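Reviewing the structure listed below.
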Amino acid sequence: LKRATDTHGPAPSAVQGSEFGRDLVQALVQRPRAISPKYFYDAEGSRLFDRICELPEYYPTRTEVAILRERAGEIAALAGPRAEIVEFGAGSCTKVRLLLDALERPARYLPIDISAEHLAAAAAVLRRDYAGLEVHPVAADYTQRLLLPAATPGAGRRVGFFPGSTLGNFSPEEALQFLRMAARVLRGGALLLGADLVKDPALLHAAYNDAQGVTAAFNLNLLARANRELGADFALDQFAHAAFYNAPLQRIEMHLVSRRAQRIALGGECHEMAEGETLHTENSHKFTVEGLRALAVKAGFRPGAAWADARRLFSVHWLHA
Ligand code: AVI
């Protein structure tokens, strides 16, 4: 057994004073051990995710971008002039440029993201590049209650944008809850949604087990972040990245597997992990076009067009709110 150098670990107040700390303690206490994938995305995790999007094996980003490029004209016609774009989880606001370039005189862009700092910087760059576009960043957790500013006078349709199949990282209940909220704030407009499709498990496996190990580093960054922010003492070489397709549940699961029996000191307690036990860090659900449309109906949308690439790897949906 690894000896905890200090049985109390980092100061319990540092852990209890942070949402990440409290959720990580809870994750280590509960069975099965599981934590929200939202904690992947500190500055380092966001950088690693950007690298994932460039990997040869990670097809979702480039396939979705190709669909959006190919369908830009149709999307612009559906959105109409002076549309207002609301992006959920905007990050660095790069994909939206495809829409802004295609739409007819978009009136306003409301990027919603949890990281206010990141958002302000991204908004400044967009303002510089799109003269005449009002950019109104909303620093909020869009999985919680969301209040949006009233539509600007003379604005056209409100169009939600939720690309990347981020919907797949929610549980089925959370996905329904998110879509219900989106239908409410977009009422009278529409949601443009990206959803990764069910496919040959070998392709899925490769996308989450890339040869360069970037996805493994992204997964392990959760523990590295705990060491940086909470003063935890995870030995990163004592955990292995595991990602596999759970076919009955139509999802990729990511776990951190304990390579040996070890003790983890956190929040004033000592948590034990046996060899082979895991911390479940992410689900990435895959959809069928019909399944996604049925879910959208349940949430209060009227499904419109559904587009996919020729290999049917990824889908983009226009859902009337
Ligand atoms: C952000 N999200 C849609 C990605 C996915 O594919 O589920 C996150 C990711 N996890 C591992 N690789 C990429």
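The values are calculated or read from the model by the stated rules, or taken from the named source; none is laboratory data. All values derive from a computational prediction rather than experimental measurement. Glycine gets a Cβ as well: all are built from the backbone with ideal geometry, and neighbour counts include every protein chain shown. Heavy atoms of the whole protein, side chains included, go into the accessibility calculation; ligands, DNA and RNA do not. Shrake-Rupley method; radii C 1.70, N 1.55, O 1.52, S 1.80 Å.
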If we keep only residues of segment 131-160 that are in contact with a Phe, Trp or Tyr (Cβ under 7 Å, 6 or more places away or on another chain) and open to solvent by less than 50 Å² (accessible area, probe 1.4 Å), then the residue farthest from residue 181 (Cα to Cα) is 133
So residue 170 ticks every box in (1) within 16 Å of the ligand (Cβ to nearest atom); (2) surrounded by 21 or more Cβ atoms within 10 Å (Cβ to Cβ) but one. Which box is left unticked? (2)
Can you pull out the residues in segment 300-321 that are open to solvent by 30 Å² or more (accessible area, probe 1.4 Å), in contact (Cβ under 8 Å) with a residue 60 or more places away in the chain and either hydroxyl-bearing (Ser, Thr, Tyr) or closer than 19 Å to residue 176 by Cβ (or both)? 300, 320
Return the residue satisfying two criteria in turn: it lies in segment 8-47 and is part of a helix (DSSP H, G or I) and of a type in the set (S, T, N, Q), and of such residues it is nearest to residue 214 (Cα to Cα). 46
Which listed residue, of 182, 195, 216, is surrounded by 18 or more Cβ atoms within 10 Å (Cβ to Cβ), more than 16 Å from the ligand (Cβ to nearest atom) and among the hydrophobic types (A, V, I, L, M, F, W, C): 182
Does residue 206 fit the bill of being surrounded by fewer than 18 Cβ atoms within 10 Å (Cβ to Cβ), within 14 Å of the ligand (Cβ to nearest atom), among the small types (Gly, Ala, Ser) and at negative phi? yes
For segment 43-77, how many residues are surrounded by fewer than 17 Cβ atoms within 10 Å (Cβ to Cβ) and more than 14 Å from the ligand (Cβ to nearest atom)? 9
Residues located in segment 225-238, provided they are open to solvent by less than 50 Å² (accessible area, probe 1.4 Å) and away from the ligand (no atom under 16 Å from the Cβ): 226, 227, 230, 231, 232, 234, 235, 238
Restrict the check to segment 251-261 and report whether at least one residue is away from the ligand (no atom under 16 Å from the Cβ), of a type outside the set (Ser, Thr, Tyr), over 21 Å from residue 169 (Cβ atoms) and surrounded by 18 or more Cβ atoms within 10 Å (Cβ to Cβ). no
For residue 113, only one of the following conditions fails: (1) charged (D, E, K, R); (2) modelled with pLDDT of 95 or more; (3) crowded, with 20+ Cβ neighbours inside 10 Å. What is its number? (2)
Is it the case that segment 26-34 has a residue that's open to solvent by 20 Å² or more (accessible area, probe 1.4 Å), within 16 Å of the ligand (Cβ to nearest atom), farther than 22 Å from residue 179 by Cα and touching a residue at least 24 places away in the same chain (Cβ under 8 Å)? yes
Restricting segment 276-290 to residues that are within 20 Å of the chain's Cα centre (by Cα) and away from the ligand (no atom under 16 Å from the Cβ), the one surrounded by the most Cβ atoms within 10 Å (Cβ to Cβ) turns out to be 289
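Go through segment 79-91 and give me each residue that's more than 29 Å from residue 199 (Cα to Cα) and surrounded by 15 or more Cβ atoms within 10 Å (Cβ to Cβ). Talk me through it step by step, then tell me what you get.
So in segment 79-91, the residues more than 29 Å from residue 199 (Cα to Cα) come out as 79-86.
Selection gives 79, 82, 83, 84, 85, 86.
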Filter result (open to solvent by 10 Å² or more (accessible area, probe 1.4 Å) and within 16 Å of the chain's Cα centre (by Cα)) within segment 92-107: 92, 94, 95
